1. Sequence gap at least 6, Cα distance under 8 Å: using those rules, report the relative contact order of the chain to the nearest whole percent.
2. Apply the Kirkwood formula to the range 1-87: the hydrodynamic radius equals the inverse of the mean of 1/r over all pairs of different alpha-carbon atoms; give it in Å with one decimal.
3. Relative to the present Cα-Cα distance, how much length would full extension add between Ala68 and Arg37 at 0.36 nm per residue of separation?
4. Which value at 222 nm does the chain reach when only helices count, each DSSP H run of 4 or more adding -39,500 (n - 2.57), with the total divided by all residues and rounded to the nearest 500 deg cm²/dmol?
5. Among Trp271, Ala175, Gly126, whose Cα lies farthest out toward the positive end of the dipole of the chain, if unit charges sit on the beta carbon of Lys, Arg (+1) and Asp, Glu (-1)?
6. Quick one: Cα centre-to-centre distance for the range 284-336 and the range 171-242, in angstrom?
7. In nm, to one decimal, how far is the modelled label at Arg322 from the one at Ser122, with both set 7 Å along Cα→Cβ?
8. Output the relative contact order of the range 7-104, whole-number percent, from Cα pairs under 8 angstrom with separation of 6+ residues.
Amino acid sequence: MRVDPGSSAALVDAIVAGRSPDDLDLRVFVPLAAGDRTERPITVDQTNVSVVVGERAVVKWMRTPGDARAPRLLAHLAAAGFARTPTPHAAAFRDGRLVALVTAFLPEAQDGWDWCTDDLLSWLDGGPPADFAPALGTLAADLHAALADYEPTASVPPSTAADTLAEALACDDDAWVRSIAPLIEADVAVLSAYRSPSPSLHLHGDLHVGQILRYRGGRLAVTDFDGNPTATARPEPAARDLAQLRTSVLHVAEIANRRTEGRHRPALLEWGRRAADDLLAAYRAGLAGHGVPQLLDEKLLRPFEVEQECRELIYAARFLPRWRYAPLGVLRSWYG
């Protein structure tokens, strides 16, 4: 998607003025004051295009205009008192489709692919322990507790695992991946027959460490509620989000392994297993603290994690081929 220079600042100007641009329907949630209009793009890998305006707002332009899922969820979270997201300022629509979302800029923010990896590499170099996983688990529990009363449903959607595996095999012509397909199929088979007693929720939908910002003062915030670019957003058990967050911790270990050219692989694999377990323990404790332990059905965790790695292969094939090494590394650690 091409974003014209000045268009992000112009959208922020419209929010300040409280008026819609000629070609957009602007819905303001939290007003913005006038200020610096300097633009700079956010250059990390992402599905959409984000531009920082005046170091005070982030305008995220949707590559494909779509459903207003993110503004709805953010409005619910704000009403529920969940403040660990960047403040939503406005959403812009064209013909009823979401075109852009404007949120507050968090000073000194890094996404988790950067700060988690930096912490892990620092630990390998003799620095303090990379023990951030419990904080991620607590944040996820707080988020799900806040989402629990947003249109929950007792129905369990049909499993997509078989289709996900078939698509992953179709777009990743790797002999080894094909050789383990029966093992993957067996691991995700529970999703076809099992009916979880936990409710299905409107989840974050793409909850990985890259969506967790660490900003000034070491505070954490979760961002990007657009959903998974490889799947259609729908109510699902909380284990779906948790599975993706846990596998993303394993991906951090794969990134660190690549950066260190494999010199620390055994230590990184052990760190990944321990971090994923610590994240789960903190998540369980967080749900219990909110009085909603029933949101997690752990029988779904492993099959969702396996399906997530298939989704990662699909994502690599569609959007970011150089990412393929990360899910392959995790699959090799599971299936050898």
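Only the coordinates and a few stated rules stand behind these numbers; no lab work does. On a predicted model such as this, the values are computed, not experimentally measured, just so you know. Glycine gets a Cβ as well: all are built from the backbone with ideal geometry, and neighbour counts include every protein chain shown.
1. On the way: 531 pairs, mean separation 60.0, N = 336.
For the chain, the relative contact order is 18 percent.
2. Numbers: mean 1/r = 0.0706 Å⁻¹.
About 14.2 Å for the range 1-87.
3. Details: separation 31, 0.36 × 31 = 11.16 nm, distance 2.61 nm.
Contour length minus Cα-Cα distance gives 8.6 nm.
4. Values: 12 runs with 155 residues, N = 336.
The per-residue figure over the chain is -14500 deg cm²/dmol.
5. So the residue furthest toward the plus end is Gly126.
6. 5
7. 2.4
8. On the way: 162 pairs, mean separation 28.8, N = 98.
Here the relative contact order equals 29 percent.
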